[in-house]
1. Restricting attention to the stretch 75-98, which residues are among the hydrophobic types (A, V, I, L, M, F, W, C) and part of a strand (DSSP E or B)?
2. Within the stretch 83-121, take every residue that is charged (D, E, K, R) and more than 20 Å from the chain's Cα centre (by Cα) and give me the one that is surrounded by the fewest Cβ atoms within 10 Å (Cβ to Cβ).
3. Does the stretch 56-65 contain at least one residue that is loosely packed, with under 14 Cβ neighbours inside 10 Å, in the same structural domain as ILE112 (by TED's automatic domain parsing) and assigned to a strand (DSSP E or B)?
4. Restricting attention to the stretch 33-47, does a residue exist that is at pLDDT below 85, surrounded by 10 or more Cβ atoms within 10 Å (Cβ to Cβ) and touching an Asp or Glu at 6+ places or on another chain (Cβ under 7 Å)?
5. I want to confirm something. Restricting to the stretch 99-121 and keeping residues that are part of a loop (DSSP other than H, G, I, E, B) and touching a residue at least 12 places away in the same chain (Cβ under 8 Å), which single residue is nearest to ILE85 (Cα to Cα)?
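The values are calculated or read from the model by the stated rules, or taken from the named source; none is laboratory data. Given the structure is predicted, the values throughout are model-derived calculations rather than measurements. Glycine also receives a Cβ, built like all others from the backbone with ideal geometry; neighbour counts cover every protein chain displayed.
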Amino acid sequence: MKKGQAAMEYLMTYGWAILIVIAVVAALYMMGVFRIGGTTVPCSPCFSYFAFVDYGDGTLILTNGPRTINITSVSQGTVNTPNPISPGAKINITGVSAGDITITYIDTSSGIQHTDSATLH
């Protein structure tokens, strides 16, 4: 084997390896893996258990979390979704205005009462 051929094979082998590493790093960068701080999707309001869907004209729509619950009270407005509320179901609360809102509910599997609150803007 000639020295030139050995050198060329060495460069090609490591060249392809370096090219693959660069492609992987670029893909990770494009997916946002290297972003620091903040969430990618802002929530308003941010509940810890319920997922915010929409709010307008005094109606707040949330999605229930992973457990079946019974809502016992809300600090403002009226819940228009019958109990029990299954996981992933939409919850409609009417008569809501900007400000703090607190939802009290009971987890049907444990029987423990929980409170979740957020601020509407």
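1. VAL79, ILE85, ILE91, ILE93 - these are the residues of the stretch 75-98 that are among the hydrophobic types (A, V, I, L, M, F, W, C) and part of a strand (DSSP E or B).
2. ASP100
3. yes
4. Scanning the stretch 33-47, I find at least one residue that is at pLDDT below 85, surrounded by 10 or more Cβ atoms within 10 Å (Cβ to Cβ) and touching an Asp or Glu at 6+ places or on another chain (Cβ under 7 Å), so the answer is yes.
5. THR108
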